[in-house]
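Read the structure below first, then the notes.
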Ligand code: SAH
Ligand code: SF4
Ligand code: F3S
C-alpha cells in the first residue's frame, strides 16, 4: 500500500557519522512513498529519531525528545491530524519492544540493519497495527535493497560519507556497538564503486569511507577475491573527480602494512587518521579487550609517520574505566604526550547495560572521572592549538565546502580536517584551492588563497547563498 504523496519527513540524527549516512538513506527509502524531508518537526507527518546508544547520556537524550514529541502528537490528534514516530538506530536495536513500553508515543522501532523495510512497516501501521518493531540482522539485505533505491536529487554536496563496512567483532568490554550493529560485514567492491561513482557524478570531491572497524574491511570483488581497505582505496582513487579520500574509524589492530604504506604513496589519501587508543595503561587496555598494548600503538604511530611525516592523528579516549588508578590514568597522559594529537575525543566511562565492564564492582567515582577528564582535555586542547599554530605560514590545499561566516568568504577543510575560511573571490564551493594559513581562531583557521589549485579541471558551478554572491 502506498502513502499519499505530499507527506513530510523530519529526521533527527544522533551519534556517529554512520548514523548521518543512515539518515540520508532513510530519506531515500521513504522518498518513493511520497515523503519529502523538512527541517521543521512541527510540520512533519513522520518523525524519525536516528539514535545512539554509546553512552548513557546519548540514550537518555532520546527519551527526553520522545517526551516532547508525545505532546506534539497529542496536539496533532486534538486538531484532527496525525503524526507517526519512528525510532531508528542503536537505541532502537538495543531496546526493541521495550521502547514501546517506555515511550508509548513510539509507533515504529527499526534497527540499523532493517531500516530499508520502513515502507512496509509504515504500511502495517496504516493498516491498524500498533507498535511495529523490526530489529533483525544481518546487513546484507539492507545494502542490496539500498543499492536498488533510486537516488534523491538534493542540493549538491562536495563531501560525502560512504559506508563500506559495518558491525564489529572486537567486543571491547565497555562498548555496545557489537550488540547494536551486529557482526562485521563488508560490502562488495562493485557496490561501493558504483556508489562512489554516483557521488562523483553529483559533484562530490571528497569521500569519507565509514565503518565501525573500517580498516577491517575485507570485501569481495567480482571474481570472488578478498579486497583490503588499502586495495579498495587504491581503486577508488582512480575515480578522477574524487580528489580526496578519508576513512574512519580504524582499529590499531587492523592497520596493515599496505594501508600504512598507502599514506605515503597515494596523494588522494588525506594525511589525517582517526586511530583511537582509549587508554595508555597496559593493564586497562587488557581489561578493555583492545588486543594491543601501549607500546604497540606507539610503534604503529611511528611507522605511520615514517610513511607520511605530516600525518595528523586523532583519537578517542575513555577515562575512569573500572579499576583505573591514578597511575593508570597518568599513563594515558604520558601516551598522549608521546604521540601528540591534532584533535581528539575524550569521554568519561559510561557503564552500558549488557557489557562486561558494566558488571564490575570497581567502578570509578564520578568526581574522579570528571577530574581526570578535565586534565586530559586540557592536554589534548593544548596539543590541538599547538598543531593549529604550527600551520601558520604553511601552504595547503583547501576544499571549499560551504558559505563562510561573512559575505565573500567560503569555508572548507584542510587536508588535516581543520576548518578553514578564506576570502574566496572567483572561487566556488567544490573548488580545491592552494592557500596560506594566516591566523588561528576559536572557530578554525583563516587562510589567504594564493592560486587556483585546480584550474586545469572542469569546475562544477553551483549556486549557494554565499557562493552566488562571489
Ligand atoms: N569503532 C570505534 C569506536 C566506536 S564508539 C573504535 O573501535 O574505536 C566511539 C567512541 O566512543 C569509542 O572510541 C570510545 O572512546 C567511546 N565509547 C564507547 N563506549 C563507551 C562507553 N561505554 N563509555 C564511554 N565512552 C565510550
Ligand atoms: Fe566498540 Fe571496540 Fe568495536 Fe570499536 S572496536 S566498535 S570500541 S567494540
Ligand atoms: Fe552510537 Fe551506534 Fe554510532 S551506538 S556511535 S550510533 S554505532
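Tabulated data
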read-out: Elements of type strands (runs of 3 or more DSSP E) in region 65-181, at least 2 residues being within 30 Å of residue 291 (Cβ to Cβ); value: 159-163
read-out: Pairs, first under 21 Å from residue 223 (Cα atoms) in region 167-192, second at pLDDT below 95 and away from ligand 3 (no atom under 13 Å from the Cβ), C-beta under 8 Å, six or more apart; value: 185/138; 185/140; 187/143; 191/143; 191/147
read-out: In region 140-178, the residues that are within 13 Å of ligand 3 (Cβ to nearest atom) and under 18 Å from the mean Cα position of the chain (by Cα); value: 161, 163, 165, 166, 167, 168, 175, 176, 177, 178
read-out: Complete set of residues in region 429-443 that are free of Cβ contacts under 8 Å to residues at least 60 places away in the same chain and touching a strand residue (DSSP E or B) at 6+ places or on another chain (Cβ under 7 Å); value: 431, 433, 434, 435, 436, 437, 438, 439, 443
read-out: Candidates 226, 249, 208, filtered to the one that is away from ligand 1 (no atom under 16 Å from the Cβ) and either under 18 Å from the mean Cα position of the chain (by Cα) or in the same structural domain as residue 319 (by TED's automatic domain parsing) (or both); value: 226
read-out: Unique residue being in the same structural domain as residue 260 (by TED's automatic domain parsing) and within 20 Å of residue 16 (Cα to Cα) when the list is 273, 285, 333; value: 273
read-out: Every pair of residues 6+ apart whose Cβ atoms lie under 7 Å, when the first sits in region 81-104 and is more than 19 Å from residue 41 (Cα to Cα) and in the same structural domain as residue 58 (by TED's automatic domain parsing) while the second is part of a helix (DSSP H, G or I) and within 12 Å of ligand 3 (Cβ to nearest atom); value: 90/180; 91/59; 91/62; 93/180; 94/179; 94/180; 99/92
read-out: Among (1) closer than 27 Å to residue 245 by Cβ; (2) within 16 Å of ligand 2 (Cβ to nearest atom); (3) assigned to a loop (DSSP other than H, G, I, E, B) - the single one residue 352 does not satisfy; value: (1)
read-out: Strands (runs of 3 or more DSSP E) lying entirely in region 213-264 (those with 1 or more residues that are within 16 Å of ligand 2 (Cβ to nearest atom)); value: 218-220, 244-248
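The values are calculated or read from the model by the stated rules, or taken from the named source; none is laboratory data. All values reported here derive from a predicted model rather than from experimental measurement. Neighbour counts are summed over all protein chains in view; Cβ atoms, including those assigned to glycine, are modelled from backbone coordinates with ideal geometry.
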